[in-house]
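One structure is given below, encoded as structure tokens.
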Amino acid sequence: MPLRLVIFDFDGTLTDIGQEGAQFEAAYEGMVLRIFGEDRREAWRAAIAGVRADAPELGWDMGTGAAAPGDADPYIAATLALGRFCTELDLPTLAGEDPKARKTRGELGGALYQAAYGALHPAFRPDTVAVLEAAMAAVSFVRVVTNSSTAKVTEKLRPLALTRPIGVAGDARKFEISEPTTRGFGIGGVGSVWQVPGLRRPIQPRRGRYFDVLAAVWQDTGTTPAETLVVGDIVELDLVLPGLLGANVHYVARDRTHSYESAILRAFGERATMGRALSDVLSRLP
């Protein structure tokens, strides 16, 4: 079936995760050390290294189940490292002495993430503009579906001066394992777990909020999963659900691709491709 819709993830897919990730890591580490002490720099870096060593069996869990490998990007790694850092050093989870400023680890992690992410200077991949323009010329609809804020991503895209604006659907919560509120588009056939070679923990594909956002895009554009290509840089987070719904998927490969991620792409057969450069997706366009 001909493609009519291309959906791009934002962070790490359209953006340069090398440049933005380095900014984020420096800002996050600086805040951790200001809170807990400059003398704990090595302990913090050991926590980060431990998260990466334990991935992909160590998954990113925001309270509903493991949703992605712990080393999928610097944002996820820092979130997991904070919990490990506090646990291993038996540290209090306070952001200041004032009782009104006390935070749980989850609250502190969320606050540090928002502060570090908010301080980023946007850095796009060198081929982002060319790829977006080519997609808009090739298919009827192009959208961005992201966990980030709709307003923030729309604002970050504006300086690209594209020939026409691209619709953004934010707050997709791709990490949230839950039941959808929308029906149809094949969701009834997506099971609650999927055991894939190369990973002991199960994949949990039923991402209710993510599906609701995808379904809204399909309803708005009058398209179907089979007419859609989804482009992302984290297989488990971005591509598993749409792939199981029958969509075409393209993986913009990270420096470290796990064997189970490759197994997932193989399971999708000809509907799945991968490449290191974002521009590799151009071969999928009509």
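The values are calculated or read from the model by the stated rules, or taken from the named source; none is laboratory data. Keep in mind it's a predicted model, so treat the numbers as computed, not measured. Neighbour counts are summed over all protein chains in view; Cβ atoms, including those assigned to glycine, are modelled from backbone coordinates with ideal geometry. The area values use the complete protein model at the heavy-atom level, side chains included, leaving out ligands, DNA and RNA. Shrake-Rupley method; radii C 1.70, N 1.55, O 1.52, S 1.80 Å.
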Residue list for region 1-16, restricted to those being buried (at least 17 other Cβ atoms within 10 Å of the Cβ) and either of a type outside the set (Val, Ile, Thr) or closer than 17 Å to residue 80 by Cβ (or both): 3, 4, 5, 8, 9, 10, 11, 12, 14
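State all residues of region 32-42 that are in contact (Cβ under 8 Å) with a residue 24 or more places away in the chain and either open to solvent by 30 Å² or more (accessible area, probe 1.4 Å) or part of a loop (DSSP other than H, G, I, E, B) (or both); if no residue qualifies, say none.
35, 40, listed by residue number.
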Does residue 68 meet the test of being part of a strand (DSSP E or B) and at pLDDT 90 or above? yes
Matching residues, region 132-161, being among the hydroxyl-bearing types (Ser, Thr, Tyr) and part of a helix (DSSP H, G or I): 150, 154
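A quick yes/no check of all residues on (1) over 18 Å from residue 12 (Cβ atoms); (2) not in a strand (DSSP E or B):
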{"position": "231", "(1), (2)": "no, no"}
{"position": "236", "(1), (2)": "no, yes"}
{"position": "265", "(1), (2)": "no, yes"}
{"position": "279", "(1), (2)": "no, yes"}
{"position": "282", "(1), (2)": "yes, yes"}
Name, by its number, the condition in (1) more than 16 Å from the chain's Cα centre (by Cα); (2) touching a residue at least 24 places away in the same chain (Cβ under 8 Å); (3) over 19 Å from residue 221 (Cα atoms) that does not hold for residue 139. (3)
Hey, could you check region 162-199 for residues that are outside any loop (DSSP other than H, G, I, E, B) and either out of contact with any Ser or Thr (no Cβ under 8 Å at 6 or more places or on another chain) or at pLDDT below 95 (or both) and say which is least open to solvent (accessible area, probe 1.4 Å)? 187
Scope region 46-65; condition within 17 Å of residue 109 (Cα to Cα), open to solvent by less than 20 Å² (accessible area, probe 1.4 Å) and of a type in the set (Gly, Ala, Ser); matching residues: 47, 59
Taking only region 143-195 into account, find how many residues are among the small types (Gly, Ala, Ser) and farther than 26 Å from residue 4 by Cβ. 5
Could you say whether any residue in region 246-263 is surrounded by fewer than 18 Cβ atoms within 10 Å (Cβ to Cβ), closer than 20 Å to residue 71 by Cα and touching a strand residue (DSSP E or B) at 6+ places or on another chain (Cβ under 6 Å)? yes
Report, by residue number, each residue of region 120-151 that is open to solvent by 30 Å² or more (accessible area, probe 1.4 Å) and touching a Phe, Trp or Tyr at 6+ places or on another chain (Cβ under 9 Å). 143, 147
Taking only pairs six or more apart or across chains, which ones have beta-carbon atoms under 7 Å, a first residue in region 256-277 that is closer than 27 Å to residue 2 by Cβ and among the hydroxyl-bearing types (Ser, Thr, Tyr), and a second residue that is assigned to a strand (DSSP E or B) and open to solvent by less than 20 Å² (accessible area, probe 1.4 Å)? 273/250
Those residues of region 200-228 that are open to solvent by 10 Å² or more (accessible area, probe 1.4 Å) and assigned to a loop (DSSP other than H, G, I, E, B) come to a total of 7
